[in-house]
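Peer 1: Starting off with a structure, shown below.
The values are calculated or read from the model by the stated rules, or taken from the named source; none is laboratory data. All figures in this text were calculated on a predicted structure; none of them were measured in a lab. Neighbour counts are summed over all protein chains in view; Cβ atoms, including those assigned to glycine, are modelled from backbone coordinates with ideal geometry.
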Amino acid sequence: MQFGALEIHALPEGRFTVGLDKRFVPHTEGDPLPPGTLFVSVCPLLVRTPSETLLLDTGLGSWAEGRGTEVIGENLARHGVSPEDVTGVLFSHLHFDHAGGAVTPVGAEYRPTFPNAEYVVQGAELSAEGYKGESARVRDLVADVLDREGQLRQLDGDGPITDEIEAEITGGHTGAHQLIRLLAQQLTQPALDLAPAPIELVDCSNFLRHQPGLDTHRPGAHPDPERVGQAVCRVRRKQEDTLP
């Protein structure tokens, strides 16, 4: 897709089943949903600006059963991009279905998947709520590897990342979850686990009226559902303000 000076491509990794054990198992269309699991789709985005080649999140990487970071590498190759071409990675948050692909196991250690990229996250996310068990372990692993290699940039609140892109903290899903706003045509990337379903971005009043349903729609998905609702409405109002 072309939006002004920005070129945007979805990098779908597929559909997975996941249960309380947090195992992301690739799902084959037509197979039944295993008991105690739900469906999750994983889809980072590739954004090309006049001066940068960026990723919005990095997918599961080796935290998808039977897979690794070759998946995002193959998806990038379809658009003529190699891991070495990526100049920046913008994390919404550091759950491993969004940040697992940032690092690649090499022997007994992990290394950055994109060796020439600056990885950008809210600094507060490194100690934010919304992580426990394997989620907390992966967050710390990813941050430590990137920091060790001098590739981690920690933001301090809302503001510009590049001339074409800015960040806004929404919280709710995790303590310092952020959305990424693409400024070429005031586009917002909402698919960052902010709302449980895309339809809930359409009508803010409907979202807030059904706010208690968040906890049953995706159990444990949002430590602060009220903050999620406020963020969704704020995003929607900004989108409406920029429509012709």
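Peer 1: Checking the condition among the hydroxyl-bearing types (Ser, Thr, Tyr), more than 16 Å from the chain's Cα centre (by Cα) and assigned to a loop (DSSP other than H, G, I, E, B), which residue from THR17, THR28 passes?
Peer 2: Numbers: THR17 fails: assigned to a loop (DSSP other than H, G, I, E, B).
Step by step, each of THR17, THR28 is checked, and only THR28 is among the hydroxyl-bearing types (Ser, Thr, Tyr), more than 16 Å from the chain's Cα centre (by Cα) and assigned to a loop (DSSP other than H, G, I, E, B).
Peer 1: Give the residue that is surrounded by the most Cβ atoms within 10 Å (Cβ to Cβ), with candidates limited to residues of the stretch 103-119 that are among the hydrophobic types (A, V, I, L, M, F, W, C) and part of a strand (DSSP E or B).
Peer 2: VAL103
Peer 1: Working only within the stretch 176-192, note down all residues that are outside any strand (DSSP E or B) and either surrounded by fewer than 20 Cβ atoms within 10 Å (Cβ to Cβ) or modelled with pLDDT under 55 (or both). If you could, list the steps in order and put the result at the bottom.
Peer 2: To start, the set of residues in the stretch 176-192 that are outside any strand (DSSP E or B) comprises 176-177, 183-186, 190-192.
Across the stretch 176-192, the qualifying residues are LEU183, ALA184, GLN185, GLN186, PRO190, ALA191, LEU192.
Peer 1: Quick check on my filter: what residues within the stretch 28-60 are over 30 Å from LEU182 (Cβ atoms) and of a type outside the set (Val, Ile, Thr)? Break it down stepwise before answering.
Peer 2: First, the residues of the stretch 28-60 that are over 30 Å from LEU182 (Cβ atoms): 28-37.
Residues satisfying the conditions are GLU29, GLY30, ASP31, PRO32, LEU33, PRO34, PRO35, GLY36.
Peer 1: Search the stretch 45-66 for residues being assigned to a loop (DSSP other than H, G, I, E, B) and at pLDDT below 95, and hand back the single one that is farthest from VAL106 (Cα to Cα).
Peer 2: PRO50
Peer 1: Name the pairs: first residue in the stretch 100-111 and farther than 15 Å from ASP57 by Cα, second residue assigned to a helix (DSSP H, G or I), Cβ to Cβ under 7 Å, at least 6 apart or on different chains?
Peer 2: Once the first residue is farther than 15 Å from ASP57 by Cα and sits in the stretch 100-111, its partners that are assigned to a helix (DSSP H, G or I) give PRO105/SER62; TYR110/LEU141; TYR110/VAL145; ARG111/VAL145.
Peer 1: Looking only at the stretch 17-71, how many residues end up being surrounded by fewer than 17 Cβ atoms within 10 Å (Cβ to Cβ), hydroxyl-bearing (Ser, Thr, Tyr) and closer than 18 Å to ILE165 by Cβ?
Peer 2: Looking only at that region, the number is 1.
Peer 1: Would you be able to tell me the number of residues in the stretch 120-147 that are within 24 Å of PHE24 (Cα to Cα) and not in a helix (DSSP H, G or I)?
Peer 2: 7
Peer 1: Let me ask something additional. Residue pairs, Cβ under 9 Å, 6 or more apart or interchain, first in the stretch 53-75 and under 17 Å from VAL40 (Cα atoms), second of a type in the set (S, T, N, Q) and in a helix (DSSP H, G or I). List them.
Peer 2: That search, which allows pairs on different chains as well, returns GLY59/ASN75.
Peer 1: Let me ask something additional. Name the single residue, out of those in the stretch 76-103 being of a type in the set (D, E, K, R) and touching a Leu at 6+ places or on another chain (Cβ under 9 Å), that is nearest to VAL42 (Cα to Cα).
Peer 2: In this case the residue turns out to be ASP97.
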